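The values are calculated or read from the model by the stated rules, or taken from the named source; none is laboratory data. Worth saying up front: this structure is predicted, and the values here are computed from it rather than measured. With ideal geometry, Cβ positions are generated from the backbone for all residues, glycine too; neighbour counts draw on all protein chains shown.
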Amino acid sequence: MSNTWQTEPPVLNIRDEPRNDEPQLVASLAEPPVREPVRVPVDAAVSELTDELDEPIVSLVVAPVASQGICPVNSPLTVPLSSLGKSNAASGTTGNPVAVRRSRRWYAWPFWGLGRCWDLLSLGVLLAVVAAVPVLQFASLGYILFAAGRLANGHPWRSALPGSRIAGKLGTFAMLATISWIPVYVLTDLAYSAQLLQPNSATARMWRIGAFTFAAAWVVHIGWAAMRGGRWWHFLWPAPIHFVRAIWRPSHWSQSADRLYDLAARLQLVKLWWLGARATAGALLWTCVPVSLMIIGERAQNFEAAPLVGFIGAVAMMVVMLYLPLLQVHMAAKNRFTEIFNVIAIRQSFMRAPWFCALSLLVLCGLAIPLYLLRIEAAPSELVWVPSLVFVAFMLPAKLLIGAALGYANKREKRRHWVSRWPAWLISVASVAIYVGALYIAQFIAWQGAYVMYFQHAVLVPAPLISV
């Protein structure tokens with residue numbers, strides 16, 4: 001028995017067996033492997049992030065590396081895309097920066113909603129003011145068509161209004177500047193009253209000097225607040241020590257000039273103005289002949305064929321209105337002037353989404369007709385932006401709906417059956433027929449007379465004409 005026990009091989013425990021790969025295994029578990037960042041193309045990264053963000057702020061990050069075609073290793077956009085969706089158990093949030101941004105507390109959502117409502121209101125007021133300025137008013141139409149063109153290109157609704165955050169900041173700055181002007185206005189009125197009660201007296205002179213001093217201090221205060229960023233706390237506390245130190249530095253003035261230039265570049269006024277000017281020129285080319293025939297049919301005297309000419313003009317105007325609103329948005333989406341005459345593309349879009357296109361055209365005509373009541377009497381030139389605000393509030397959602405209809409049609413590949421197309425086509429014809437009838441009646445109630453038919457806010461600048 002003892003010999004047998006000695007001949008059996010000893011049983012070794014696996015723990016006792018030395019292994020050469022244990023240090024490497026422990027090291028690999030203690031230190032996770034370093035993953036090389038994915039070199040993402042700039043266009044793909046921008047398109048992915050801008051779809052999630054409320055405004056295109058990614059351009060500020062991509063601008064330094066846009067000329068290289070791809071993001072470098074140290075760029076903020078070179079994080080592995082797979083890590084954006086992983087959860088972080090310690091923090092309770094996801095690795096996606098957009099998800100972190102959206103993980104707000106429940107009590108923060110009302111403030112966020114109020115902020116976005118303020119941005120939309122400021123954007124509407126800004127578009128109305130721009131629409132009331134001659135020549136510059138084309139930029140207002142250009143922005144509306146640009147926003148609709150983004151929807152036609154497939155962008156989501158949350159990014160349909162670029163620059164709304166900037167408009168909200170400008171609106172906040174204008175509101176705070178107006179509130180801070182109230183004491184200066186009161187003091188100026190008191191100085192004017194003192195001059196009326198005691199002309200050229202010492203008391204009146206002191207009031208005038210005080211009013212002038214306060215007005216000059218207000219200008220400096222507003223300029224200094226704008227140079228610091230234009231936030232509400234910049235109006236409450238002017239930071240006098242920082243003002244004395246920084247006002248003499250040339251670098252501070254150069255930085256302020258750079259920020260002002262960046263703001264003007266982000267507004268893209270030249271681009272929007274050029275888009276609105278091209279859309280206006282295209283609309284006038286489409287409508288000048290039918291409108292002229294309608295005016296001849298109504299106003300021509302001793303012309304026997306006048307009723308026939310007017311009827312031909314009305315029918316031609318109906319045909320034009322079936323395509324022109326959609327053609328303008330299509331031109332803005334393609335950014336080519338020749339696309340405003342591409343009727344075939346609009347017909348194909350209507351065949352793919354007939355009911356959506358018919359609904360958008362119905363909404364546009366329905367919202368455009370009540371606006372002719374604001375043309376009964378000319379608005380004063382200093383208050384023309386007030387009715388312009390109503391024009392913008394009616395035309396902006398109508399154009400956005402047209403853009404959404406074209407975007408939906410572009411995503412579809414097959415045409416709808418003719419059983420579905422013909423009822424939608426009849427609704428579109430009825431919509432434009434009612435619009436042309438209202439346009440014919442508008443020449444008898446508008447202060448411009450028959451010329452009101454040339455300036456149709458449904459396809460032109462969303463503002464009434466300025467009185468002279």
**Message:** Tell me the residue from LEU136, LEU114 that is part of a loop (DSSP other than H, G, I, E, B), within 19 Å of the chain's Cα centre (by Cα) and at pLDDT below 90, please.
**Reply:** LEU136
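Please determine, by comparing only the residues of segment 295-312 that are of a type outside the set (Asp, Glu) and touching a residue at least 24 places away in the same chain (Cβ under 8 Å), which one is surrounded by the fewest Cβ atoms within 10 Å (Cβ to Cβ).
Looking at residues that are of a type outside the set (Asp, Glu) and touching a residue at least 24 places away in the same chain (Cβ under 8 Å), I get ARG299.
Considering TRP355, TRP385, which residue is of a type in the set (Phe, Trp, Tyr), over 23 Å from SER159 (Cα atoms) and crowded, with 19+ Cβ neighbours inside 10 Å? Write out each step before concluding.
On the way: TRP355 fails: crowded, with 19+ Cβ neighbours inside 10 Å.
After ruling out the rest, the residue left standing is TRP385.
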**Fill in**
Counted residues in segment 441-457 being in a loop (DSSP other than H, G, I, E, B) and either closer than 13 Å to TRP286 by Cα or modelled with pLDDT under 80 (or both) come to 6
**Fill in**
Scanning segment 129-174 for residues that are touching a helix residue (DSSP H, G or I) at 6+ places or on another chain (Cβ under 6 Å) and of a type in the set (Ser, Thr, Tyr), the one surrounded by the fewest Cβ atoms within 10 Å (Cβ to Cβ) turns out to be SER164
**Fill in**
Exception for ILE344 within (1) more than 26 Å from the chain's Cα centre (by Cα); (2) crowded, with 22+ Cβ neighbours inside 10 Å falls at (2)
**Message:** I'd like to check something: does segment 414-435 contain any residue that is surrounded by 13 or more Cβ atoms within 10 Å (Cβ to Cβ), polar (S, T, N, Q) and within 17 Å of CYS365 (Cβ to Cβ)?
**Reply:** yes
**Asked** Just one of ARG415, ARG375 is out of contact with any Leu (no Cβ under 9 Å at 6 or more places or on another chain), in contact (Cβ under 8 Å) with a residue 24 or more places away in the chain and of a type in the set (Lys, Arg); which is it?
**Response** ARG415
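At least 1 residues that are farther than 23 Å from LEU136 by Cβ and in contact with a Pro (Cβ under 8 Å, 6 or more places away or on another chain) in each: list the helices (runs of 4 or more DSSP H) lying fully within segment 219-322 that qualify.
Working: elements: 232-236, 240-246, 250-267, 269-299.
Here the list reads 269-299.
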**Message:** Looking for something free of Cβ contacts under 8 Å to residues at least 60 places away in the same chain and in contact with a Ser or Thr (Cβ under 6 Å, 6 or more places away or on another chain) - is there at least one such residue anywhere in segment 259-273?
**Reply:** no
